[in-house]
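Trainee: Take a look at the following structure, please.
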Number of protein chains: 4
Amino acid sequence: MRQKLAAEAIGSFMLFATVVGSGIMAENLADGNVAVALLGNTIATGAMLFVLITMLGPVSGAHFNPAVSLVMRLRGEITTPQAWAYVTAQLAGGIMGVWAAHVMFGLPVLELSTKARTGMGQWVSEAIATFGLILTILGTVKHRHVWVPPGVAFYIVAAYWFTSSTSFANPAITIARAMSNTFAGIAPAHVPGFILAQILGALAANVVAMALFPDEPVADEPVPNEPAPNEDAA
Amino acid sequence: MRQKLAAEAIGSFMLFATVVGSGIMAENLADGNVAVALLGNTIATGAMLFVLITMLGPVSGAHFNPAVSLVMRLRGEITTPQAWAYVTAQLAGGIMGVWAAHVMFGLPVLELSTKARTGMGQWVSEAIATFGLILTILGTVKHRHVWVPPGVAFYIVAAYWFTSSTSFANPAITIARAMSNTFAGIAPAHVPGFILAQILGALAANVVAMALFPDEPVADEPVPNEPAPNEDAA
Amino acid sequence: MRQKLAAEAIGSFMLFATVVGSGIMAENLADGNVAVALLGNTIATGAMLFVLITMLGPVSGAHFNPAVSLVMRLRGEITTPQAWAYVTAQLAGGIMGVWAAHVMFGLPVLELSTKARTGMGQWVSEAIATFGLILTILGTVKHRHVWVPPGVAFYIVAAYWFTSSTSFANPAITIARAMSNTFAGIAPAHVPGFILAQILGALAANVVAMALFPDEPVADEPVPNEPAPNEDAA
Amino acid sequence: MRQKLAAEAIGSFMLFATVVGSGIMAENLADGNVAVALLGNTIATGAMLFVLITMLGPVSGAHFNPAVSLVMRLRGEITTPQAWAYVTAQLAGGIMGVWAAHVMFGLPVLELSTKARTGMGQWVSEAIATFGLILTILGTVKHRHVWVPPGVAFYIVAAYWFTSSTSFANPAITIARAMSNTFAGIAPAHVPGFILAQILGALAANVVAMALFPDEPVADEPVPNEPAPNEDAA
């Protein structure tokens with residue numbers, strides 16, 4: 001369990017440092033073209049997610065996200081104390097990641113964001129974004145285990161662009177981003193709305209996934225849970 | 001079958017929301033540089049396609065596209081009633097996805113596009129784009145099952161750029177995009193030309209694939225049909 | 001053999017249409033920022049290469065490039081008449097792909113490029129680019145068969161940027177690009193210099209590969225040619 | 001051993017030529033938008049890393065980086081003389097790669113950079129960047145061998161953006177980049193600070209990895225050290 005919590009903390013540290021740090025870098029360099037800045041932010045975040053889930057998935061499951069830990073608790077994969085410990089590690093590691101990004105870019109360590117992110121459009125965005133994220137995880141974990149890292153990474157790449165909120169989809173990162181007055185920030189007053197929408201989206205995905213992905217392999221699929229027995233045994 | 005239709009509807013919802021939503025986001029932020037906007041739109045669409053085909057391929061085959069369902073019907077993989085049910089689910093889910101994008105970005109839910117997309121160059125583009133898409137699916141499904149998700153995703157990434165129409169290659173998304181007066185839209189009057197070209201391209205690909213990809217493994221390849229024996233054995 | 005030649009022709013058609021078509025699209029939209037245009041051109045080309053090699057590799061080996069066919073002839077993988085037939089199919093299919101790009105974008109079908117691409121820097125670029133391409137193919141084909149499609153695709157993605165010539169690395173595409181007065185073009189007078197440099201680079205790579213990649217697995221590697229015995233046999 | 005050193009030299013040649021060459025290309029074309037230039041530089045570097053590690057990993061382990069060779073020496077994977085030979089090959093091949101980039105772009109072969117890269121923010125960046133790189137390698141090599149090439153490539157893609165130093169994370173490339181007065185350069189006087197930070201980060205990662213990734217499979221993991229059977233059976 002100590003290894004699992006260390007993995008959650010280190011992974012959240014690297015992930016949140018990447019989200020905030022690449023946002024700072026991108027905004028600094030993009031010469032006012034916010035789409036270019038978002039491209040840099042997107043590519044960095046997606047790439048880091050792939051790395052962290054690949055590397056730390058076998059240790060802790062690579063949640064880095066209280067919404068994921070909540071769903072895993074509901075599904076009985078972890079206990080309630082484990083879930084709380086996971087969330088604590090995610091928040092502690094992740095906030096240190098935000099601070100590390102500030103140090104790397106020569107900004108004050110302690111900040112609060114002033115960036116407004118609120119309103120129905122953004123809340124719907126967060127609900128849909130988190131719904132899709134949880135559905136992706138539950139769908140790929142069951143039948144296509146090996147594709148979880150690129151699945152989650154590519155999902156977030158898409159979600160940064162198709163939602164008006166740029167898809168936080170993670171209560172811990174929402175809190176941590178409130179502590180950075182940079183590209184990726186969110187004003188503290190707008191954090192609760194985001195987190196509420198995220199939890200609703202996650203719960204909806206859990207229900208849909210139960211209906212959509214049955215425990216048993218789909219009947220007319222020959223060997224659905226053996227996606228690639230010999231990947232390149234040339 | 002109910003699961004399959006739910007998968008088609010949910011997948012089309014997420015896919016069409018991504019195409020339209022990322023187009024809105026990209027155009028809003030790109031400061032008038034349309035190539036930058038198209039980069040954002042491309043990356044989001046390709047990433048989401050990878051996720052949805054990976055996740056929902058084992059459930060429904062992950063068509064999300066009446067041109068694909070048509071070809072699968074012609075090849076006897078599904079029955080005629082199944083094909084119609086698939087197309088209905090794709091349209092219903094997909095149009096709701098477009099509307100969800102409008103809600104997320106604070107636009108009127110009901111719109112009609114005014115964007116002209118017509119002429120010989122665009123029709124040839126749609127025919128070639130759909131030809132390539134169907135050929136990609138039929139070629140990878142048979143011999144390299146595991147590569148279907150990245151194959152289709154990367155194909156669309158390329159097709160957004162090498163065709164003058166930005167490669168709709170999907171009758172359902174063509175109809176749905178007529179209902180959005182945004183970056184990804186198409187004027188309703190120009191929808192029939194696109195759909196006709198798409199169907200012609202799909203039919204041509206089906207004929208070519210029969211000649212190009214024989215049922216038996218190609219003789220002088222060491223283990224050509226075992227790069228990934230059972231990706232999602234649809 | 002007829003299937004192989006059809007695969008080479010269709011693959012070259014799609015590849016060359018992508019290179020030229022995405023160049024036209026990118027230049028049209030990039031608002032004068034050539035780096036943005038090259039990003040679009042790069043992503044489209046790399047994505048299409050991945051698709052075509054995945055789909056057509058099991059049929060013809062997916063050369064689409066006389067420099068590759070030359071090296072395969074030198075290594076005894078194909079006969080001399082086969083090599084000539086391959087090159088003919090590549091040129092015929094590829095030139096039709098360039099013409100198709102012109103039709104899609106409403107340009108005159110028949111054009112000659114006026115774009116100067118010459119000088120020692122560009123020739124060294126073509127030699128190094130083709131050296132790296134052939135080395136990538138020979139290195140991955142032998143020990144990591146399954147990674148050939150992303151290996152070649154990512155190699156070209158990198159080579160578009162690290163060479164001053166943007167890495168044609170293919171005599172057939174060099175000839176075909178001379179027939180397009182667009183972003184990807186090359187003046188006919190400068191074609192021979194490019195092709196000569198490409199052949200020299202290819203021959204050098206063939207020699208280096210013989211020394212670098214022995215027929216037998218390297219001794220002290222645990223399972224060097226089985227990178228992923230059971231990719232995800234869950 | 002001769003093959004291994006040749007692989008390290010050729011790989012470093014191609015990698016460093018890519019880092020420097022794509023930087024020159026990107027800056028030349030990006031019309032003053034440094035974020036666009038960094039996107040081109042990032043994509044080229046990540047793509048080339050994937051190719052080289054895939055191709056040369058089975059030969060030499062694909063270090064291309066003295067920090068990696070140092071950690072492999074500490075872990076007893078190679079001997080001290082081997083480590084020195086690796087580092088020599090990396091530096092010799094890599095510097096020739098930088099010079100090749102200069103030739104390709106028509107610049108003077110011999111240059112020294114005048115670009116200032118110094119200060120606490122940049123040193124912390126290099127330490128964190130190298131820490132993450134080594135952790136990625138050690139974490140994926142042990143449990144998910146097949147994902148080392150995309151893992152390292154994507155890690156560097158992210159690190160180019162989330163650190164203020166753009167993540168050199170490699171003492172050999174730091175020295176080589178001091179010899180290029182271009183986008184990727186670093187003033188010679190600032191090299192020692194970077195290298196010191198990189199070594200500290202690498203050593204820290206080695207310690208953390210021993211605790212985080214035990215030699216034995218994690219208890220409640222079905223088959224965690226068989227890189228792929230259960231991709232991330234959390």
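The values are calculated or read from the model by the stated rules, or taken from the named source; none is laboratory data. Just so it is clear, the structure is predicted and the values come from calculations on it, not from any experiment. When we count neighbours, we look across all protein chains shown, and the Cβ atoms used for this are built from the backbone with ideal geometry, even at glycine. Side chains are part of the model used for accessible areas, which takes the heavy atoms of the whole protein and leaves out ligands, DNA and RNA. Shrake-Rupley method; radii C 1.70, N 1.55, O 1.52, S 1.80 Å.
Trainee: Quick check on the stretch A:161-176: of everything there that is open to solvent by less than 10 Å² (accessible area, probe 1.4 Å) and over 11 Å from the mean Cα position of the chain (by Cα), which residue is nearest to A:V98 (Cα to Cα)?
Mentor: Of everything passing the filter in the stretch A:161-176, A:A176 is nearest to A:V98 (Cα to Cα).
Trainee: Report yes if some residue within the stretch B:181-188 is among the polar types (S, T, N, Q) and open to solvent by less than 10 Å² (accessible area, probe 1.4 Å); otherwise report no. Can you show your working first?
Mentor: Step one: filter the stretch B:181-188 for residues among the polar types (S, T, N, Q), giving B:181-182.
Among the residues that remain, those that are also open to solvent by less than 10 Å² (accessible area, probe 1.4 Å) are: none.
For the stretch B:181-188, residues among the polar types (S, T, N, Q) and open to solvent by less than 10 Å² (accessible area, probe 1.4 Å): absent.
Trainee: Filter the stretch D:96-117 down to the residues that are in contact with a Gly (Cβ under 6 Å, 6 or more places away or on another chain) and within 17 Å of D:F168 (Cβ to Cβ) and list them by number.
Mentor: Of everything in the stretch D:96-117, those that are in contact with a Gly (Cβ under 6 Å, 6 or more places away or on another chain) and within 17 Å of D:F168 (Cβ to Cβ) turn out to be D:A101, D:S113, D:K115.
Trainee: Now a separate question. Taking the stretch B:97-120, which residues are touching a Phe, Trp or Tyr at 6+ places or on another chain (Cβ under 6 Å) and assigned to a helix (DSSP H, G or I)?
Mentor: Result: B:G97, B:V98.
Trainee: Would you check if A:A37 is touching an Asp or Glu at 6+ places or on another chain (Cβ under 6 Å) and either of a type in the set (A, V, I, L, M, F, W, C) or modelled with pLDDT of 95 or more (or both)?
Mentor: Yes.
Trainee: Before we move on, is D:E126 away from every other protein chain (no Cβ under 11 Å) and among the acidic types (D, E)?
Mentor: no
Trainee: Another one. Looking only at the stretch D:61-81, filter to residues that are over 20 Å from D:I10 (Cα atoms) and touching a residue at least 60 places away in the same chain (Cβ under 8 Å); which one of those is surrounded by the fewest Cβ atoms within 10 Å (Cβ to Cβ)?
Mentor: Here the answer is D:R75.
Trainee: Let me ask something else about it. How many residues does the stretch D:160-176 hold that are assigned to a helix (DSSP H, G or I) and either in contact with a strand residue (DSSP E or B) (Cβ under 8 Å, 6 or more places away or on another chain) or within 8 Å of another protein chain (Cβ to nearest Cβ) (or both)? Write out each step before concluding.
Mentor: Of the residues in the stretch D:160-176, the ones assigned to a helix (DSSP H, G or I) are D:160-162, D:171-176.
Retained after the next criterion (residues that are either in contact with a strand residue (DSSP E or B) (Cβ under 8 Å, 6 or more places away or on another chain) or within 8 Å of another protein chain (Cβ to nearest Cβ) (or both)): D:160-162.
Selection size over the stretch D:160-176: 3.
Trainee: Considering only residues that are over 26 Å from D:V141 (Cβ atoms) and either assigned to a loop (DSSP other than H, G, I, E, B) or within 15 Å of the chain's Cα centre (by Cα) (or both), which ones fall in the stretch D:177-216? Don't jump to the end; show me each part of the working.
Mentor: Step one: filter the stretch D:177-216 for residues over 26 Å from D:V141 (Cβ atoms), giving D:177-193.
Those that are over 26 Å from D:V141 (Cβ atoms) and either assigned to a loop (DSSP other than H, G, I, E, B) or within 15 Å of the chain's Cα centre (by Cα) (or both): D:R177, D:A178, D:M179, D:S180, D:N181, D:T182, D:F183, D:A184, D:G185, D:I186, D:A187.
Trainee: Mind listing whichever residues of the stretch D:82-101 are crowded, with 24+ Cβ neighbours inside 10 Å and not hydroxyl-bearing (S, T, Y)? It would help to see each step written out before you state the result.
Mentor: Going through the stretch D:82-101, the residues crowded, with 24+ Cβ neighbours inside 10 Å turn out to be D:86, D:89-90, D:93-94, D:97-98, D:101.
Within the stretch D:82-101, D:A89, D:Q90, D:G93, D:G94, D:G97, D:V98, D:A101 meet the criteria.
Trainee: Of the residues A:T140, A:T136, which single one is away from chain C (no Cβ under 14 Å), among the polar types (S, T, N, Q) and part of a helix (DSSP H, G or I)?
Mentor: A:T136
Trainee: From the list C:P81, C:P58, C:P66, which one is in contact with a helix residue (DSSP H, G or I) (Cβ under 7 Å, 6 or more places away or on another chain), more than 14 Å from every other protein chain (Cβ to nearest Cβ) and of a type outside the set (D, E, K, R)?
Mentor: Result of the check over C:P81, C:P58, C:P66: C:P66.
Trainee: Of the residues that sit in the stretch B:119-141 and are of a type in the set (S, T, N, Q) and modelled with pLDDT of 95 or more, which one is nearest to the chain's Cα centre (by Cα)?
Mentor: Going residue by residue through the stretch B:119-141, those that are of a type in the set (S, T, N, Q) are B:122, B:125, B:130, B:136, B:140.
If we keep only those that are modelled with pLDDT of 95 or more too, we end up with B:122, B:125, B:130, B:136.
Details: B:Q122: 17, B:S125: 14, B:T130: 9, B:T136: 12 Å.
Across the stretch B:119-141, the extreme among qualifying residues is B:T130.
Trainee: Among the listed residues C:A205, C:A219, C:A234, C:A209, which satisfies the condition of being within 11 Å of another protein chain (Cβ to nearest Cβ), modelled with pLDDT under 50 and in contact with a helix residue (DSSP H, G or I) (Cβ under 6 Å, 6 or more places away or on another chain)?
Mentor: C:A234
Trainee: Only one of (1) in contact with a Leu (Cβ under 8 Å, 6 or more places away or on another chain); (2) farther than 30 Å from B:G201 by Cβ fails for C:T140. Which number is that?
Mentor: All conditions pass for C:T140, except number (1).
Trainee: Among the residues of the stretch D:26-45, write down those that are in contact (Cβ under 8 Å) with a residue 60 or more places away in the chain, open to solvent by less than 10 Å² (accessible area, probe 1.4 Å) and facing chain C (nearest Cβ under 8 Å).
Mentor: D:A26, D:A37, D:N41, D:T45
Trainee: Moving to a separate point now. With respect to A:P58, determine if the residue is buried (at least 22 other Cβ atoms within 10 Å of the Cβ) and modelled with pLDDT under 95.
Mentor: Yes: the conditions hold for A:P58.
Trainee: Another question about this same structure. Here is a check on your reading of the model: is C:T130 more than 28 Å from B:V141 (Cα to Cα) and open to solvent by 30 Å² or more (accessible area, probe 1.4 Å)?
Mentor: Judged against the criteria, C:T130 is not a match.
Trainee: Something else: Could you list, in sequence order, the residues of the stretch B:11-25 that are at the interface with chain A (Cβ under 7 Å from one of its Cβ atoms) and either within 17 Å of the chain's Cα centre (by Cα) or among the polar types (S, T, N, Q) (or both)?
Mentor: Answer for the stretch B:11-25, where residues must be at the interface with chain A (Cβ under 7 Å from one of its Cβ atoms) and either within 17 Å of the chain's Cα centre (by Cα) or among the polar types (S, T, N, Q) (or both): B:M14, B:A17, B:T18, B:G21, B:S22.
Trainee: Return yes when A:G119 is open to solvent by less than 30 Å² (accessible area, probe 1.4 Å), farther than 19 Å from B:M14 by Cβ, among the small types (G, A, S) and touching a Ser or Thr at 6+ places or on another chain (Cβ under 7 Å) and no when it is not.
Mentor: Considered against the rule, which asks whether it is open to solvent by less than 30 Å² (accessible area, probe 1.4 Å), farther than 19 Å from B:M14 by Cβ, among the small types (G, A, S) and touching a Ser or Thr at 6+ places or on another chain (Cβ under 7 Å), A:G119 comes out as no.
Trainee: Taking the stretch D:32-71 only, how many residues are more than 15 Å from A:I43 (Cβ to Cβ) and either within 14 Å of the chain's Cα centre (by Cα) or among the basic types (K, R) (or both)?
Mentor: Matching residues across the stretch D:32-71 total 16.
Trainee: Considering only the stretch C:27-40, I want to know if a residue exists there that is at positive phi and of a type in the set (D, E, K, R).
Mentor: Taking the stretch C:27-40 and keeping what is at positive phi, we get C:31-32.
When the remaining residues are screened for being of a type in the set (D, E, K, R), the result is C:31.
Within the stretch C:27-40, one or more residues are at positive phi and of a type in the set (D, E, K, R).
Trainee: Continuing with this model, one more query. Checking the conditions here, which among D:L49, D:L112 is open to solvent by 50 Å² or more (accessible area, probe 1.4 Å) and touching a Pro at 6+ places or on another chain (Cβ under 9 Å)?
Mentor: D:L112
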